[in-house]
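Comments concern the structure below.
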Amino acid sequence: MTPHIDLRPWSEGDLGLLRRLNAPELTDHLGGPEPDDRVTDRHRRYLLLGDGRMFRVEVDGVPAGSIGYWGRTWRDEEVWEVGWSVLPEFQGRGVASVAARATVAAAPVEGGRRSVHAFPSVDHPASNAVCRKAGFTLLGEVDFEYPPGRWMRCHDWVVRR
């Protein structure tokens, strides 16, 4: 049976979910878990995100992860960047791919932003598979700074609209 996947606006009550998504097995490709004060700061940024939007991903009404889009300048172009995280018990079920397609559709074509990019680590096959299944096109490998001060080798995936 195919699970029902919904995106819900990020809310005050989602801090606990964000703490669960900060687990070592979910953040190892991003430099590891953040201290709790930084997770709390991230939650506040998600709530106040002015240039984009964050969502709680639900599977059959149960919180399963997060996904969102935000504006950035990439190679002299104003674009949307998308990023996600899915709890282990919901992985491998197509949740992130469905959520990524819905998020691309939700990101408005405004301010010249016609492209949506994702930058998963080259060493993270699951996130690269999400991009492929969600209809992104691989542009190639790039060096990408995330978190600030830490450079990683990523794939640059794009959906042009």
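The values are calculated or read from the model by the stated rules, or taken from the named source; none is laboratory data. Predicted model only: the values in this text are computed from it and were never measured. In this analysis, Cβ positions are derived from the backbone assuming ideal geometry, glycine residues included, and neighbour counts consider all displayed protein chains.
Being buried (at least 17 other Cβ atoms within 10 Å of the Cβ), in a helix (DSSP H, G or I) and touching a strand residue (DSSP E or B) at 6+ places or on another chain (Cβ under 7 Å) is true for just one of Val116, Val104. Which residue is that?
Val104
Which residue out of Phe144, Phe119 is under 25 Å from Arg38 (Cβ atoms), of a type in the set (A, V, I, L, M, F, W, C) and at pLDDT below 95?
Criteria check complete, one pass: Phe144.
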